[in-house]
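These notes concern the structure reproduced below.
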Amino acid sequence: MKETKLKTFMQAWVKKHREKTVSHSIILAIILSIPFFAHKQIDNVPVPEDTRPDNVDYRVSMVGDMMLGRHVQDAALREGEPVDRVFSYVTPYLQESDHATGNFENPVIDTSDEEVESQMEDYELHNKDIHLYAEAGAEEALVDAGFDSVTLANNHTMDYGDLSLTETLNHMESLDMDLLGIGDVLDSGEAQVETDSEEEEVKDAGEISYFDISDDYSAAILGFTDVFVQGYSAGDYVGGVLTGDGLDVLQNRIREASEEADVVIVHAHWGDEYQVGSNEEQENLAWLLTDIGADIIIGHHSHVLEPVTVVETQNNTSLVMNSLGNFVFDQGWSRTKESTLAQLDFLEDGSTDLSFIPMQITDTKPRETKGILKPYRDYRIFRTLRKELDPDLWKVEDSRLVIDLQEAGVLDYGGSDS
């Protein structure tokens, strides 16, 4: 009798709640979606306006690793947007700078050209596991975003050997943007080849780019990589990128740059991947580059942020950003999504500041940190960047980490009235 009553009760209970299953499911789905949509709304970052203060005479913006292929391209296709979507939040920062520069971590290859696409497997270097490339058109995204120079001296530009070099120069050399650390040769800058019985100048991988900060104050910028594989290095009558194999040439170029310009900026692709700290080889190179004239060193390759250091030698003092981390990339580890945009400001009063805007990569897009997690994200980013700096050299102001270069003994800028 008891079993019959229990069975009748259970049948009634199941029937009663089955009728409410749909409504309960809808309510549960709404409840579960609240954190997702609330987070999206709270963490939404509007495109910034007026990013440049009135007291800035000249601004140089610097970023780390940018890769516009692989899943970055896939994300753009998924959203039905061009690949330049990745710069949608940061374009004002770049366009409102006088010079913007970064590391472009892939060759540009036009796979829509069947002849080119058919050659890729043959040219793919087999002495490395990961091969990157961006589709033709990615180079225009850099220009449209506001970049004035990019270094291609890294461990991925030559992933497809000579095809990488030919295609990349073909698509990028005519742009209104300086290409650093890549060329048809590594020479004196006056190398020439014979084509159709005529001599034409070829691009030198160690070429220095110059720009004026004021009427009587100028800067030089160049790039090299200490991370590479066999087949990457440019040399006499051999195209490629400027690597550690060309260290003598690099030293000569830095000396030349320091004689011609007041500020020497060097892109350095170096260090160990995913290690939050410099290695001994980085430190030795930083000392050497500083001693022969480098003033600002922009490091990249590790894909994570590394501490900023001040390097002092008998001849010079430099500010070394050991790694600015990723800027546009598709890696998923939390530290590879922590980013920054560094801005070197030459101010009206004759002083210079280097500040870091904390950024987070979301859906392959870099954007300023915002929302309920901003204090935590900023703390992590700033803690890493300032870790090896004397407390007297830095402060946090207006959500930026600011370094006083005068106090650090780096650069000597006279201002607009000098």
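Laboratory data are not the source of any read-out in this text; all were calculated from the coordinates shown. Everything quoted here is computed from the prediction, not taken from an experiment. Neighbour counts are summed over all protein chains in view; Cβ atoms, including those assigned to glycine, are modelled from backbone coordinates with ideal geometry.
Details
- Kirkwood Rh (inverse of mean 1/r, distinct Cα pairs), segment 62-123, angstrom: 13.8 Å
- Amide hydrogen proximity for Gly235: with H placed 1.01 Å from N in the peptide plane, the residues at 5 or more positions away or on another chain lying under 5 Å are Leu186.
- Over segment 205-254 - Rg/Rh using Cα atoms and the Kirkwood inverse-distance radius: 1.09
- Cα shape, segment 272-406, gyration tensor, a/c 1.5 rule: oblate
- Estimated D of segment 71-165 in µm² per second, where Rh is the Kirkwood radius over Cα pairs and Stokes-Einstein applies at 4 °C, 1.567 mPa s: 90 µm²/s
- Between helix 2-18 and the chain: long-axis angle, C-alpha atoms, 0 to 90°, nearest 10: 50 degrees
- Each Lys and Arg Cβ is given +1 and each Asp and Glu Cβ -1; about its Cα centre, the chain then shows a dipole of about 5260 debye.
- Convex hull volume per residue, computed on the Cα atoms of segment 224-281, equals 109 Å³.
- Angle between the chain longest axis and helix 70-79 axis [Cα atoms, degrees, rounded to 10]: 50 degrees
- 0 to 90° range, to nearest 10: angle between helix 247-260 axis and the chain longest Cα axis: 70 degrees
- Evaluated at q = 0.07, 0.11 Å⁻¹, the base-10 log of the normalised Debye intensity for the chain, with identical point scatterers placed on the Cα atoms, takes the values -0.37, -0.80.
- Expected-Rg normalisation [2.2 N^0.38 Å, Cα atoms] applied to segment 109-243: 1.09
- From least to most packed, judged by other beta carbons within 10 angstrom and beginning with the fewest, Arg52, Arg383 follow the order Arg383, Arg52.
- Helix-derived mean residue ellipticity, 222 nm - over the chain, DSSP H n ≥ 4, -39500 (n - 2.57), to 500: -9500 deg cm²/dmol
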